[in-house]
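Asks: Structure in structure tokens, see below.
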Amino acid sequence: MNFDKLISKKNLILAWRRITSSRDARYKAFFRHILETYELSFEKNIEDLRRRLLNGEYTAQTPLRFYVPKPSGLQRPITLLPIEDQIVLQALANLFAEKVRQKRSKLTGKFIYSNKLGKKDSQFFLEKWQLGFSQLKQNLRLKYKSGYVWIATFDISAFYDTIPHELLLKVLTSNPHGDLHGNAKAWLKTWSSDRQSDQHNHGIPQGPMASDFLAECILLAIDEKMSKHYAYFRYVDDIRILGKTELEVRQALVYLDILCKSRGLIPNSDKTKIKHVASASELVEDIPNVAGYFDDGGETELTKKSAEKRILDAVETGSKIKVKDRTLFRYILFRAPQSDDILKVVLKAWEHYPEHTDAYVAFLENYQRSDAVVALATRLLESKYPYDYVQGELWKLIARMGRISELQALTQLAIDTVKNSNSRHGSRFGAHVFLCQCDKVGLGNYKKWVMYEKSPLVQAFVAPHLGLRSSGGLDAAKLILSRSLPDSYLGLVKPLVDANLDISSLGKNPAQFPVVAQQVFKTAGIIEHEIPKPDAIGNLISKRYAVKKWNKWEALLQGEYEHAFMELRFADSYFDSHLSTWLNYQDAFNEIVFRSLQGYLAQKGALGAIPLVNRNGERLDYGVLLNNSTFKSNYPDLQDDLNKTHKRRNLVPGSHPYDKKTGDKARPLKKSEQKTLKQYLDDAFNEIIKIVERIGI
């Protein structure tokens, strides 16, 4: 496997198709409007993504995390990746799938029961999860009939969060110095946390379908070893070992413990148990009877009578409610029609079983309004119910169902939520939607709060709720259209189309938008201008420096463009990791730009043009050129910025051991020095663009 295969057009398109066909409705719900707008010009968008991956312009983005309650009372993180990061992660998972497909197929259905791969090149990456559950249950029963009456249950703590990146990538490639390994490692590190300062070299983003299979890959070596010696059954990180004797099971458990710890995985001692069973039913008592719920795996709606009858099999009713069968409970809520009997169950269960919030919300889609639901949601929000994801969904429910007086009573709490830096993303998302509804019904200019939202992805989620006919909505749209993340722009497509707004009336130049946004906007009829050919150097410079995106570097550099781009790519790749190396390559790029600028000045007969060779036709040193008095007098600020950068470059190891004039010894570049040099280069590149544009390029 290599980087070229990862970024092939075929693989990226397959990744996109697998994302759009994913059966994970909860994850897709956040991005549905973004997926729909990306699809408008998906082939051009994929081509642009491939170009940026090839040129080193693509950078993975820090994700969002929502926290969904678990039955234990703790929370499970759901990592929300921007749309292009999802495509890249899925493209990576596609390679893993083909790498392990043959090995894994020998174990699937016998030892492994989770996340079974679909057919090669199928748009359905994974088969339906119900099939694995049913097969697991059947095979456990068969083992009991063969005399396997001892069982050990085993679970891995924080499984997704503890997967070591280095070990995972060894499954895919044996070359730790190749582009595939280096890029994938950097991306996984970026996606490991929703805070840049907390990024680490373990953990994969929980939520995307691609991650479900990457988690399988890290366990494959363990599966192979355990399956050779023991009656081993695994569904994700839930492992069962059967034996005919207690000793046999204990031996297997010790071996599994060692295998997991050697791979950096942490067994959950609280969930590890050994017991003797008296019937086959005991082996499968905690595995839901999904075959009975889904029949042939299809997902059909229930009649009111059937839903009301079957809900009684899932719960125990009374003064307090108890959910006996979580899978059946969720199945019914997702497929039941409007029913006051089921609504009563939901109202009793919600506060005590918050892990089913997505199922409650799905059921409540049957209702335009419910006094009891609004009352419950209001009480939970005012009591500061602790779950981030639940708060977000409650805010959205009240926004949809609430009367004006009910909305008004909660406006200050919503404002406090979006203002509070300690609020999590889920609650802020919901509170923003709520405030947009308050604005819509005339309670005040509440859409303006979206302007102050720090997360561009939260803004992208809220964007469809922004009506652009109010001042608050317009102001928020203007800010969103200055973001660098394509998702922010894609979220605004429907509001822009509905408002029939001319982008120029918002004071925005579409040529400065991400290319993906320009392509989607043009297909949607929002803009009409000809989309300029992307300039790889302009994109890299604007990504790294405080410089506008300029697409005329090729016109300035002409025959030196590819050479300059190579130097800049190397510089950019070393910016964070090897500061002195970054400066060497960056100064080399600066020299190419300087010489091209001089050629342009000479061609135009402009002030500041100087000869680049001596009387003998020999190329003059860059340092000599920078200190030419003619250039210095005409462009003193540019000369100062470039000269300071060059002088410091001459004193880094690998350039010169000593300064030619002072004799000072070379020393590595410090981070504080790099920060200062970056400011010089911000100014230098901006001035070069101004000079050339003033002369007329």
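Asks: How much of the pair distance distribution for the range 655-697 lies past 12 Å, counting alpha-carbon pairs only, in percent?
Replies: Of all Cα-Cα pairs in the range 655-697, 71 percent lie more than 12 Å apart.
Asks: Let me check I've understood the local charge: for K552, count other residues with C-beta under 10 angstrom from its C-beta, Lys and Arg +1, Asp and Glu -1. What total comes out?
Replies: -3
Asks: Within the set of other residues whose C-beta is less than 14 Å from the C-beta of N175, count the net charge using Lys and Arg as +1 and Asp and Glu as -1.
Replies: +1
Asks: Compute the accessible area per residue over the range 617-697, keeping the other protein chains in place, probe 1.4 Å, unit Å².
Replies: Per-residue value: 58 Å².
Asks: Taking each pair of different alpha-carbon atoms in the range 590-697 once, compute 1/r for the pair, average those values, and report the inverse of that mean as the Kirkwood hydrodynamic radius in Å to one decimal.
Replies: Result for the range 590-697 stands at 15.0 Å.
Asks: P(r) for the chain: what percent of alpha-carbon pairs falls in each 10 Å bin, starting at zero?
Replies: Histogram of Cα-Cα distances, whole percents per bin: 3, 12, 20, 22, 19, 12, 7, 4, 1, 0, 0.
Asks: I'd like the distance between the alpha-carbon centres of the range 627-670 and the range 365-427, rounded to an integer number of Å.
Replies: Between the Cα centre of the range 627-670 and that of the range 365-427, the gap is 59 Å.
Asks: What are the semi-axes of the equivalent ellipsoid of the range 98-148, taken as the square roots of 5 times the eigenvalues of the Cα gyration tensor, listed largest first and rounded to whole Å?
Replies: 25, 13, 5
Asks: Here's another thing I want to ask about it. State, in angstrom, two size descriptors of the range 298-447 derived from its alpha carbons: Rg to one decimal place and Dmax to the nearest whole number.
Replies: So, for the range 298-447, Rg and Dmax equal 16.1, 48 Å respectively.
Asks: Given Cα pairs under 8 Å that are at least 6 residues apart, what percent is the relative contact order of the range 293-452?
Replies: 16 percent
Asks: Rg/Rh for the range 216-361 to two decimals, with Rh computed the Kirkwood way over all alpha-carbon pairs.
Replies: 1.08
Asks: With a cut-off of 8 Å between alpha carbons and a minimum separation of six or more residues, what is the relative contact order of the range 116-238 in percent?
Replies: 24 percent
Asks: Follow-up. What does the highest-first list of 661-669, 118-126 look like by mean Cβ count within 10 Å?
Replies: Highest to lowest by the protection proxy: 118-126, 661-669.
Asks: Add +1 for every Lys or Arg and -1 for every Asp or Glu among the other residues with Cβ under 15 Å from the Cβ of T523, and state the total.
Replies: Charge balance in the 15 Å sphere: -4.
Asks: Step through the residues of the range 371-384 one at a time and calculate ³J(HN,Hα) from phi using the Karplus curve (6.51 cos²θ - 1.76 cosθ + 1.60, θ = phi - 60°), rounding each to whole Hz and writing x for Gly and Pro.
Replies: The phi angles translate into 4, 5, 5, 4, 5, 5, 4, 5, 4, 5, 5, 5, 7, 6 Hz.
Asks: Compute the Cα gyration tensor for the range 73-128, then decide on rounded, prolate or oblate, letting a ≥ b ≥ c be the square roots of its eigenvalues: rounded whenever a/c is under 1.5, prolate when a/b is larger than b/c in the other cases, and oblate in all that remain.
Replies: In terms of gyration-tensor shape, oblate.
Asks: Which chymotrypsin sites (Phe, Trp or Tyr not before Pro) does the range 442-518 hold that lie in a coil by DSSP with at most 16 other beta carbons within 10 Å?
Replies: Sites meeting the loop and neighbour criteria: none at all.
Asks: According to the square roots a ≥ b ≥ c of the eigenvalues of the Cα gyration tensor, what is the shape class of the range 553-607, taking rounded for a/c under 1.5, prolate for a/b larger than b/c otherwise, and oblate for the remainder?
Replies: In terms of gyration-tensor shape, prolate.
Asks: Rg and Dmax of the range 121-273 over Cα atoms: what are they, in angstrom?
Replies: 17.3, 54
Asks: Follow-up question, since we're still on this one. With a cut-off of 8 Å between alpha carbons and a minimum separation of six or more residues, what is the relative contact order of the chain in percent?
Replies: 11 percent
Asks: If you average the alpha carbon positions of the range 428-461 and of the range 201-231, how far apart do those two centres end up, in angstrom?
Replies: 40 Å
Asks: For the range 360-443, run through the GluC sites (Glu not before Pro) and keep only the ones in DSSP coil with at most 11 other Cβ atoms within 10 Å of their Cβ.
Replies: Passing both the DSSP loop test and the Cβ count: E365.
Asks: I'd like the distance separating the alpha-carbon centroids of the range 15-92 and the range 241-271, in whole Å.
Replies: A separation of 35 Å, based on Cα centres.
Asks: Going down the table (K508/K690; K304/K344; K454/K671; K448/K678), which pairs top 23 Å between alpha carbons?
Replies: Where the Cα-Cα span goes over 23 Å, the pairs concerned are K454/K671; K448/K678.
Asks: Answer rounded, prolate or oblate for the range 202-293, using the Cα gyration tensor with square roots of eigenvalues a ≥ b ≥ c: rounded when a/c is under 1.5, else prolate when a/b is larger than b/c, else oblate.
Replies: oblate
The values are calculated or read from the model by the stated rules, or taken from the named source; none is laboratory data. Keep in mind that what you see is a predicted model, and the values were worked out from it rather than measured. Ideal geometry is used to build each Cβ from the backbone, glycine not excepted, and the neighbour counts take in all protein chains shown. Keep in mind that these areas ignore ligands, DNA and RNA; they rest on the heavy atoms of the full protein, side chains included. Shrake-Rupley method; radii C 1.70, N 1.55, O 1.52, S 1.80 Å.
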